[in-house]
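Read through the structure below, which is laid out as structure tokens, and then see the notes.
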Amino acid sequence: MVNTHAIAILINTAAYMPLTVFLYSGFIRSTIPKELEEAARIDGAGMLKIFFTIVFPLLKPITATICIISCVFIWNDYQFAIFFLQDQKVQTLTVAMAGFFGQNANNLHLVAAAALMAMLPMFVLFLALQKYFIA
């Protein structure tokens, strides 16, 4: 599975799953009262309806936080990418940027352009989710 996108997805999912579970469980325990679920159950709602209509909308702040944190760390990941994505067709931007530096040449203009291109998606993601992240 080396040099495939599947290995990158599996490794990053496994790496960030504990943080995600920890943050979700803490948020649910401290923020969402059980009375909401009990009231919905008394009204005749099933487990799926309770989750999707009551609990899931209340999880927007923690979902945005997890999305921002995980996406930034995965986007900037160098360690897993250098080990498992060695082919140029599947390299991440951080690994490709490291290739701009060599023993005899430093292409600083290419690195600056690549750094700007690498920053833009995470900047847009943060701007889109900022109101939930602050909440």
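Values in this text are rule-based calculations from the coordinates and carry no lab data. All of these numbers come straight from a predicted model, not from anything done at the bench. Glycine also receives a Cβ, built like all others from the backbone with ideal geometry; neighbour counts cover every protein chain displayed.
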Output the number of residues of segment 43-52 satisfying the condition of being loosely packed, with under 14 Cβ neighbours inside 10 Å, among the hydrophobic types (A, V, I, L, M, F, W, C) and either touching a residue at least 40 places away in the same chain (Cβ under 8 Å) or farther than 28 Å from residue 130 by Cβ (or both).
-> 2
Here are 111, 55: which of them is touching an Asp or Glu at 6+ places or on another chain (Cβ under 9 Å) and either among the aromatic types (Phe, Trp, Tyr) or surrounded by 13 or more Cβ atoms within 10 Å (Cβ to Cβ) (or both)?
-> 55
Residue list for segment 67-108, restricted to those being crowded, with 16+ Cβ neighbours inside 10 Å, in contact with a Ser or Thr (Cβ under 8 Å, 6 or more places away or on another chain) and not acidic (Asp, Glu) | 70, 81, 85, 90
